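Peer 1: Sharing a structure here in structure tokens format.
The values are calculated or read from the model by the stated rules, or taken from the named source; none is laboratory data. Only a predicted model underlies this, so the values are computations on that prediction, with no experimental measurement involved. In this analysis, Cβ positions are derived from the backbone assuming ideal geometry, glycine residues included, and neighbour counts consider all displayed protein chains.
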Amino acid sequence: MMTAAEKPPLDLKLSAPRGFCAGVDRAIQIVELALKKFGAPVYVRHEIVHNRYVVDGLRAKGAVFVEELDEIPDDGQPVVFSAHGVPKSVPDSARARQMFFLDATCPLVSKVHKEAQIHFKRDREIVLIGHAGHPEVIGTMGQLPEGAVSLIETVEDAARFTPRDPANLAYITQTTLSVDDTAAIVRVLLERFPAITAPHKEDICYATTNRQEAVKRIAGLVDAMIVVGAPNSSNSQRLREVAEREGCPVSILIQRAADIDWSRLDGIRSVGVTAGASAPEILVEEVIDAFASRFDVRVELVQTAEETIAFNLPRELRLSAAE
Ligand code: SF4
């Protein structure tokens, strides 16, 4: 271990807001409270949030993660649906099997589901801006019959898209997209289809927007940016991209401090640290400690917004939260 005098100085800018959002916090609480109230096992369909540390922690407490409901026995124990949301067919088949389910879908994802349903009722053709294969996109498209929603991933897709009736079109988006990329796609849609119906209030959620804004503030000022998050976490991937596009020379997404490739950080004098919406603060602290063991670190908090949002728990769990 080097002494402080031997360590090179490092200016560490800690981005805020970072890490857990209200939807992730609620989803984890749902699993924890269900375990407390109903005992193990509590089944969870899909990773409750995209973070291995969180998933392993819940598994150790008795959560059993499955990809589909048919992996769950008829033992009367609850099943929790993940924060990303699920296609309508999932609660439908849970009801058909008389399963006890708790829905941890983030209310901001449910809001997009409702928008899709309203557009559908009004006979509008729906365009979803999002990433193919992401569980949130599968869940949102699965609110409506096949073919009702067309997925657009890029500006090129928007330029190529041929609607059935350009005068009767609406768009919705995934909640965790790049704010800038989405704006570019929407611009193309608006140019081509000026009558397209937009969401009343942005579908990209407050947490995604705030974390990207905070990273933008820092990215041009530091030699490297570390994003703590999972490779399958959309909002974490976007944070890494935002830093790169703002001209940060090295922008790295890591799950844990042990993943840091120090050879890429040779000679840096400043670093930014942020975390995706599903990454717990303990993993950020681990990263700061790892830097402190190699550098003489001066930490500066760079805060661009205050977050006070919290979501209600499902009714079945409200009492146990208060106990
Ligand atoms: S990132 Fe946004 S939409 Fe996703 S769980 Fe968090 S608050 Fe909800």
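Peer 1: With respect to the numbered conditions (1) over 18 Å from residue 46 (Cα atoms); (2) touching a Phe, Trp or Tyr at 6+ places or on another chain (Cβ under 6 Å); (3) within 16 Å of the ligand (Cβ to nearest atom), which one is the sole condition not fulfilled by residue 166?
Peer 2: Just one mismatch for residue 166, condition (3).
Peer 1: Follow-up question, since we're still on this one. From the list 113, 131, 119, pick out the single residue that is in contact with a Ser or Thr (Cβ under 8 Å, 6 or more places away or on another chain), over 30 Å from residue 30 (Cα atoms) and either outside the structural domain of residue 240 (by TED's automatic domain parsing) or within 16 Å of the ligand (Cβ to nearest atom) (or both).
Peer 2: Criteria check complete, one pass: 119.
Peer 1: Does residue 132 count as assigned to a loop (DSSP other than H, G, I, E, B), without any contact (Cβ under 8 Å) to a residue 40 or more places away in the chain and within 24 Å of residue 47 (Cβ to Cβ)?
Peer 2: Yes; evaluated as a whole, the condition is true for this residue.
Peer 1: Among helices (runs of 4 or more DSSP H) lying entirely in the range 211-323, which contain 3 or more residues that are over 19 Å from the mean Cα position of the chain (by Cα) and modelled with pLDDT under 95?
Peer 2: Output list reads 315-322.
Peer 1: Out of the range 270-284, which residues are crowded, with 24+ Cβ neighbours inside 10 Å and of a type in the set (S, T, N, Q)?
Peer 2: 274, 278
Peer 1: Here is a further query. Considering only the range 150-168, I want to know if a residue exists there that is touching a helix residue (DSSP H, G or I) at 6+ places or on another chain (Cβ under 7 Å) and under 30 Å from residue 72 (Cα atoms).
Peer 2: No, the range 150-168 has no match at all.
Peer 1: Another question about this same structure. Being crowded, with 20+ Cβ neighbours inside 10 Å and in contact with a Phe, Trp or Tyr (Cβ under 8 Å, 6 or more places away or on another chain): is that true of residue 243 here?
Peer 2: For residue 243, the condition - crowded, with 20+ Cβ neighbours inside 10 Å and in contact with a Phe, Trp or Tyr (Cβ under 8 Å, 6 or more places away or on another chain) - is not met.
Peer 1: On to the next question. Criterion first (in contact with a Lys or Arg (Cβ under 7 Å, 6 or more places away or on another chain), among the hydrophobic types (A, V, I, L, M, F, W, C) and assigned by TED's automatic domain parsing to the domain that holds residue 248) does residue 275 satisfy it?
Peer 2: Yes; evaluated as a whole, the condition is true for this residue.
Peer 1: What is the one condition in (1) in contact with a strand residue (DSSP E or B) (Cβ under 9 Å, 6 or more places away or on another chain); (2) of a type in the set (Gly, Ala, Ser); (3) surrounded by fewer than 21 Cβ atoms within 10 Å (Cβ to Cβ) that residue 34 does not satisfy?
Peer 2: Condition not satisfied by residue 34: (3).
To keep it simple, each residue is scored yes or no on (1) touching a helix residue (DSSP H, G or I) at 6+ places or on another chain (Cβ under 8 Å); (2) not small (Gly, Ala, Ser).
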position	(1), (2)
48	yes, yes
52	no, yes
55	no, yes
64	no, yes
67	no, yes
75	no, yes
93	yes, no
119	no, yes
130	yes, no
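Peer 1: Within the bounds of the range 139-148, is there any residue that is surrounded by 14 or more Cβ atoms within 10 Å (Cβ to Cβ), under 15 Å from the mean Cα position of the chain (by Cα) and either within 16 Å of the ligand (Cβ to nearest atom) or assigned by TED's automatic domain parsing to the domain that holds residue 164 (or both)?
Peer 2: yes
Peer 1: Right, something else. Test residue 48 against the stated conditions and say whether it is within 16 Å of the ligand (Cβ to nearest atom), in contact (Cβ under 8 Å) with a residue 60 or more places away in the chain and aliphatic (A, V, I, L, M).
Peer 2: It is false that residue 48 is within 16 Å of the ligand (Cβ to nearest atom), in contact (Cβ under 8 Å) with a residue 60 or more places away in the chain and aliphatic (A, V, I, L, M).
For (1) under 20 Å from residue 51 (Cα atoms); (2) within 15 Å of the ligand (Cβ to nearest atom); (3) free of Cβ contacts under 8 Å to residues at least 12 places away in the same chain, each residue gets a yes or a no:
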| residue | (1), (2), (3) |
| --- | --- |
| 205 | yes, yes, no |
| 223 | no, no, no |
| 231 | yes, no, no |
| 239 | yes, yes, no |
| 260 | yes, no, no |
| 263 | no, no, yes |
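Peer 1: How many residues does the range 285-295 hold that are of a type in the set (D, E, K, R) and surrounded by 15 or more Cβ atoms within 10 Å (Cβ to Cβ)?
Peer 2: The number of residues fulfilling the criteria is 2.
Peer 1: If you go through the range 183-209, how many residues are crowded, with 21+ Cβ neighbours inside 10 Å and not in a loop (DSSP other than H, G, I, E, B)?
Peer 2: 4
Peer 1: Every residue in the range 278-297 that is of a type in the set (D, E, K, R) and either outside the structural domain of residue 229 (by TED's automatic domain parsing) or farther than 30 Å from residue 82 by Cα (or both), please.
Peer 2: 289, 294, 296
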